[in-house]
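Asks: Structure in structure tokens, see below.
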Amino acid sequence: MNTVAASSPASTAPITLDAIIIGAGFSGMYQLLSLRDKLGMKVRVLEAADGVGGTWYWNRYPGARCDSESHSYMFYFSKELVNEWEWSERYPQQPEILRYLNHVADRFQLRPDIQFNTRMTSASFDSGHNRWHVRTDTGQHYVAKFLITGVGCLSSANVPDIPGRDDFQGQWYHTGQWPHEGVDFTGKRVGVVGTGSTGIQAIPVITAQAKHVTVFQRTANYSIPARNQPLTPEFKRFAKEQADGIRHIMNTNTNAHPFRMAPRKVMETHPAERQALLEAAWLKGGLEFRAAFNDTLIDAEANQVIAEFVRGKIRAIVKNPKTAEMLSDIDHPFAAKRPPVDSQYFETYNRDNIDLVNIRATPIERITAQGIKTSDAEYPLDIIVFATGFDAMTGSLLKLDIEGENGVKLKDYWHAGPRNYLGLQVPGFPNLFTITGPGSPSVLCNLPPAIEQHVDWITNCIRMMNEQGFNRIEATPEASDVWCNEVNRAANATLLAKVKHSWYLGANVPGKPQVFMPYAGGFGHYSEICNQVVKENYKGFRLSA
Ligand code: N01
């Protein structure tokens, strides 16, 4: 192990390393371990928080829980780690995931090489020496051959710029920047803006505590019951005994989840059998609901059948017909936006301390000192919760102020949307790797396997460079163009690209260029492409000494 003391005092003298990694979540921790312990490199992770965990450090909102099943939401690179960790529930809560990531940090002695409370403020590439110069808000200056970002795809909070926000005399919070001490909703009138995966997780928990909750819904959403439950001893044993098989399924299928799509099409299945299959999938719950048929996201007619099934469930659960109508009046195909998974979301609307406001029909005009004013009413509130999502995929990368060759800034190179090769490298930014960057399957996947695949690919690439004496690797503009076309082609082959107000396209952030960002060609297929690129001597990359 080649540990570098990460607690060195602030100094203006540059600190020279082999690699700098940004972020100590799943990505940054595994990348550190790989470069340090497998390749013996001198590496440091810069982390803005005072602990590890990345998205799971910040997202502490009530009800925060993973939508991937626990036995798939973990590292698989170490058999010992798989065997020694035990999850308690089908879907782990945020504190349990954070405990897991802390366990990983301790088990592999990662902390000495992570510099906490340190935010990277800029990075610029010195072409003459093939080195990145990285500066931090603690006044440090690092020089390293490689710069690797592990900043997460959903970590730059999107707080809507609603007029009057600063006039509000109560408290407001964004779910992605939740106070560590928690928020006490007892006796409070709470407004929740946003009904994506986060709002749908948070609303039942907040409503159980608050005096009253008003939900401001812009787009009605599908949601599938999580059917969360404690894991049985049998399941825990199964997950350990079958770890290799589970890993193989995740690494070779479309979404890196531990199940495969059933090999059947909606319209080719008899309606009675179809109904029975959907009922069984609804009863099982979770994201696996999507796996009952394999054409849900490809065939609009098939999708309509599934969508109507879910709308029917919403109407059956929610007793107030007006509320049921608002919740089931969904304007996009099922799963074409990221489908939420819930615990008692629709059931919560049967309580008498919750109201739903359709802000598509009566938009929010402003926030006042007392609450939220829509076009037809004012709602007095003590607390506003913005569950309004993230400047996804590019937001956190662009905040880093990265400058490549010839002084070109990443934000300028990406002014019309992200362009790169395989989601891994941007032309003109040599020796910079972006773990789960835009253009990779990333957010369309269960992320830990996608992170492992990227980290392994980057590590093997750097190993090859070290062994063969290369100092520099960069994606060619031609390869990047071909890849961007492939990302578009893959998206357009599905219903995902049909939704114009999705964060997959950046449509949730005013002014953001609208480009479909993740690679929708499937995780297994993408991994094969990455492997083939290596077999063809890093085709599409330019390597030099
Ligand atoms: O964010 P979202 P999220 N005025 O962008 C609304 C992951 N995740 O935090 O749909 C009013 O999906 C917006 O409305 P609309 C998961 O990948 C993972 O919920 O844009 N409303 C929408 O209803 C997920 O997809 C887990 O019309 C505004 C909501 O806010 C991703 O995070 C758990 C608004 C935002 O929904 C993001 O989910 C939770 C405005 N100005 C989340 N701006 C895991 O299990 C936005 N909205 C790992």
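The values are calculated or read from the model by the stated rules, or taken from the named source; none is laboratory data. Keep in mind it's a predicted model, so treat the numbers as computed, not measured. In this analysis, Cβ positions are derived from the backbone assuming ideal geometry, glycine residues included, and neighbour counts consider all displayed protein chains. Accessible surface areas use protein heavy atoms only, side chains included; no ligands, DNA or RNA. Shrake-Rupley method; radii C 1.70, N 1.55, O 1.52, S 1.80 Å.
Asks: Go through V215, V190 for me and flag whichever is within 25 Å of the chain's Cα centre (by Cα) and either more than 30 Å from H71 (Cα to Cα) or among the basic types (K, R) (or both).
Replies: Unique residue meeting the criteria: V215.
Asks: F516 passes all but one of (1) assigned to a helix (DSSP H, G or I); (2) among the aromatic types (F, W, Y); (3) within 16 Å of the ligand (Cβ to nearest atom); which number fails?
Replies: (1)
Asks: Suppose we filter A210, A157 for residues that are open to solvent by less than 20 Å² (accessible area, probe 1.4 Å), aliphatic (A, V, I, L, M), under 30 Å from R360 (Cα atoms) and touching a residue at least 12 places away in the same chain (Cβ under 8 Å); which single one remains?
Replies: Answer to the check: A210.
Asks: For segment 170-200, enumerate the residues that are within 16 Å of the ligand (Cβ to nearest atom) and open to solvent by less than 20 Å² (accessible area, probe 1.4 Å).
Replies: Scanning segment 170-200 gives H174, T175, G176, W178, V190, G191, V192, V193, G194, T195, G199, I200.
Asks: Name the pairs: first residue in segment 246-266 and more than 29 Å from N83 (Cβ to Cβ), second residue among the β-branched types (V, I, T) and part of a helix (DSSP H, G or I), Cβ to Cβ under 7 Å, at least 6 apart or on different chains?
Replies: Close Cβ pairs satisfying both conditions: V266/V305; V266/I306.
Asks: Further question: So how many residues does segment 36-82 have that are in a loop (DSSP other than H, G, I, E, B) and hydrophobic (A, V, I, L, M, F, W, C)?
Replies: 10
Asks: Select from segment 348-382 the residues that are of a type in the set (A, V, I, L, M, F, W, C) and either not assigned by TED's automatic domain parsing to the domain that holds V193 or not in a strand (DSSP E or B) (or both) and list them in ascending order.
Replies: Hits for segment 348-382 are I359, A361, A369, A377, L381.
Asks: Go through (1) within 16 Å of the ligand (Cβ to nearest atom); (2) open to solvent by 30 Å² or more (accessible area, probe 1.4 Å); (3) charged (D, E, K, R) for D342 and report which single condition fails.
Replies: Checking D342 against (1) within 16 Å of the ligand (Cβ to nearest atom); (2) open to solvent by 30 Å² or more (accessible area, probe 1.4 Å); (3) charged (D, E, K, R), the one that fails is (2).
Asks: Looking at this structure, is P225 over 29 Å from T394 (Cα atoms), at pLDDT 95 or above, surrounded by fewer than 22 Cβ atoms within 10 Å (Cβ to Cβ) and within 14 Å of the ligand (Cβ to nearest atom)?
Replies: Considered against the rule, which asks whether it is over 29 Å from T394 (Cα atoms), at pLDDT 95 or above, surrounded by fewer than 22 Cβ atoms within 10 Å (Cβ to Cβ) and within 14 Å of the ligand (Cβ to nearest atom), P225 comes out as no.
Asks: Right, something else. Only one of these conditions is not met by Y504: (1) in contact (Cβ under 8 Å) with a residue 40 or more places away in the chain; (2) under 25 Å from T388 (Cβ atoms); (3) open to solvent by 30 Å² or more (accessible area, probe 1.4 Å). Which number is it?
Replies: Every listed condition holds for Y504 apart from (3).
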